[in-house]
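Q: Sharing a structure with you now.
The numbers here are math on the coordinates, done by the rules we state, and not lab data. Quick caveat, the model's predicted, so the values are computed rather than measured. Neighbour counts run over all protein chains shown; Cβ positions are idealised from the backbone, glycine included.
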């Protein structure tokens, strides 16, 4: 008989699995590339602590030839990873930290960015180089879901100093109870049963796959997006 340390009680291959003793094995998103200057692309990067008490940090990128007299568009990008992997910059991952914690964590850096428009922030890359009238939100997969919901929240709460100029939709993690196309084909990955189970596992308080956080058509605050440019990128991952 398998011990509690080796017995799997929840399998979400190839993303993660949960063992009977509570241990979680993440099979993706464990590698971290350090911040650096990339001579090939002409960009430099650095990591900043935003809310150390909850582990929220960000990686900033800036062209090496940036000129403070020519303000730059800013892209606030939220990582993907199905809400459970690939998060060096916010360790509050599900299932240890169930949703909607990830959404609250993601609101923190947005307020931090806005603080620089008001003159309260101290990060020179934001103070000196950013055009706050040209702010994009974006992300991939779960990160794109977060970007969408954060844009709605900006519209609802009316944050002064930030204008969402556009959204970058990179393979967005949206879902619903009614399958579309071949989503319910069990030979596909990810298929409907996998995503339904993953969402409920990471968000125990959810109403299901028609949760307004997951099914954008069910969100009564959707009109708060207002007028916004959209860029849709689609890929299989």
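Q: If you wrap a convex hull around the alpha carbons of the chain, what volume per residue comes out, as a whole number of Å³? Show your work: numbers first, answer last.
A: On the way: hull volume 36.1 nm³, N = 237.
Convex hull volume per residue, Cα atoms: 153 Å³.
Q: What does the extension gain come out to for residue 75 and residue 222, with contour length at 0.36 nm per residue minus their alpha carbon separation?
A: On the way: separation 147, 0.36 × 147 = 52.92 nm, distance 2.13 nm.
Answer, rounded to one decimal: 50.8 nm.
Q: State the Cα centre-to-centre distance between the stretch 136-154 and the stretch 33-110 in whole Å.
A: Cα centres, the stretch 136-154 to the stretch 33-110: 13 Å.
Q: Quick one: if you stick a label point 7 Å off each Cα along the C-beta vector at residue 60 and residue 128, how many nm between them?
A: Each label point is offset 7 Å from its Cα along the Cβ direction, giving 0.9 nm.
Q: Compute the angle between helix 101-117 and the longest alpha-carbon principal axis of the chain, please, reported from 0 to 90 degrees and rounded to the nearest 10.
A: 0
Q: Run the numbers for residue 37 and residue 13: contour at 0.36 nm per residue of separation, minus the present Cα-Cα distance, in nm. Can you show the working numbers first?
A: Numbers: separation 24, 0.36 × 24 = 8.64 nm, distance 3.51 nm.
Answer, rounded to one decimal: 5.1 nm.
Q: Quick one: plug the Kirkwood hydrodynamic radius of the stretch 67-126 (C-alpha pairs) into Stokes-Einstein at 20 °C, 1.002 mPa s, and report D in µm²/s. All intermediate terms of the calculation are to be shown ahead of the outcome.
A: On the way: Rh = 13.4 Å.
Using the Kirkwood radius from Cα pairs, D works out to 160 µm²/s.
Q: Another question about this same structure. Provide the percentage of antiparallel DSSP beta bridges, counting only those with both residues in the stretch 33-233; round to the nearest 5.
A: Bridges in the stretch 33-233 are about 35 percent antiparallel.
Q: What's the extension gain from residue 48 to residue 180 if we count 0.36 nm per residue and subtract their Cα-Cα distance? Intermediate values should be presented prior to the final figure.
A: Values: separation 132, 0.36 × 132 = 47.52 nm, distance 4.06 nm.
Separation in residues times 0.36 nm, less the Cα-Cα distance, equals 43.5 nm.
Q: If I model a spin label at residue 4 and residue 118 as a point 7 Å from the Cα along the Cα→Cβ vector, what separation in nanometres do I get?
A: Using points 7 Å along Cα→Cβ, the separation is 4.7 nm.
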